[in-house]
Amino acid sequence: MTGSVLAGMAVIFLAAMLTNNILLAKFMGMCSFIAISRNMRTALGMGVAVTFVTFCTAILNYGIYYGILVKDAPLCAADLTYLTFLVFIMLIAGFVQFVEMVIERFSPVLHYNLGIFLPLITVNCAILGVNLLMIDPERNFGLAQTAAYALGSGLGWLLAICLMAGIRQRLELADVPKPLVGLGITVIVTGLMAMAFMGFSGMVDL
């Protein structure tokens, strides 16, 4: 790769992770973010799983989209883009099932801690959002740019949930007003984190 291509990938990666954070800028994947961010170890495990699934499914769906679904694709001349949403969801669901089996096999404790939220990665809109945004005609991403965008988005989600887990653990010792205990203070902190990430605006952008 040339220096300009690598520089472009670095910009996309940093923008996806910071200025265009899929969670704090677009507020995708909020359900599991709020539910799993009570404990740092569990949040880290979920974040790594989401990052891995996001990266792998984006690469696979990129190949399917441009290899089969678009008009005059190498493997199919018909325009099948109307199936994009369905195909992407099916691939994500299958891949999540694979990840769940691997985690259950090698880390039963993490599998138990994640509980029902591990299968819910399937409907994590952050993953589907990344898969759909990568094919946005305005972005015009190639495979390398898609990989950088997917990895940056996944790590951005991981960063956000780990930050929230650390804050929530400290809040357990804080004097939080009763009406705000739990979900209330979590939503407020999420908003403050989103505002803090706005400080990266102008540094890098997609």
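Pairs of C-alpha atoms in region 42-131 farther apart than 20 Å represent 39 percent of all such pairs.
With a Förster radius of 41 Å applied to the beta-carbon distance between Glu104 and Met198, the computed FRET efficiency rounds to 0.60. Highest GNM mean-square fluctuation among Asn131, Asn140, Asn20, for the chain modelled with Cα contacts below 10 Å: Asn140. Taking 7 Å steps out from each Cα toward its Cβ at Val181 and Gln97 produces label points 4.2 nm apart. At an R0 of 45 angstrom, the distance between the Cβ atoms of Tyr66 and Leu173 translates into a FRET efficiency of 0.30. Calculated from the structure at hand, Cα extents along the principal axes in Å is found among [x] 50, 47, 29; [y] 62, 42, 30; [z] 57, 39, 30 as [y]. Its Cα gyration tensor gives region 138-206 an equivalent ellipsoid, and the semi-axes of that ellipsoid, as √(5λ) in whole Å with the largest first, are 33, 13, 9. Calculated mean residue ellipticity at 222 nm for the chain: -20500 deg cm²/dmol, from DSSP H runs with n ≥ 4 weighted as -39500 (n - 2.57), summed, divided by the residue count and rounded to 500.
Annotation for Cys31 and Leu132: the two label points, set 7 Å from Cα along the Cα-Cβ direction, are 1.4 nm apart.
Of the complete DSSP H runs in the chain, those spanning 30 angstrom or more by Cα along the long axis with a mean Kyte-Doolittle score not below 1.6 are 84-106. Descending by average beta-carbon neighbour count within 10 Å, the peptides 76-84, 6-14 line up as 6-14, 76-84, the highest first.
Just so you know, all these numbers are worked out from the coordinates, no wet-lab data involved. Quantities reported herein were computed from a predicted structural model and do not represent experimental measurements. Cβ coordinates were reconstructed from backbone atoms using ideal geometry, including for glycine residues, and neighbour counts include every protein chain displayed.
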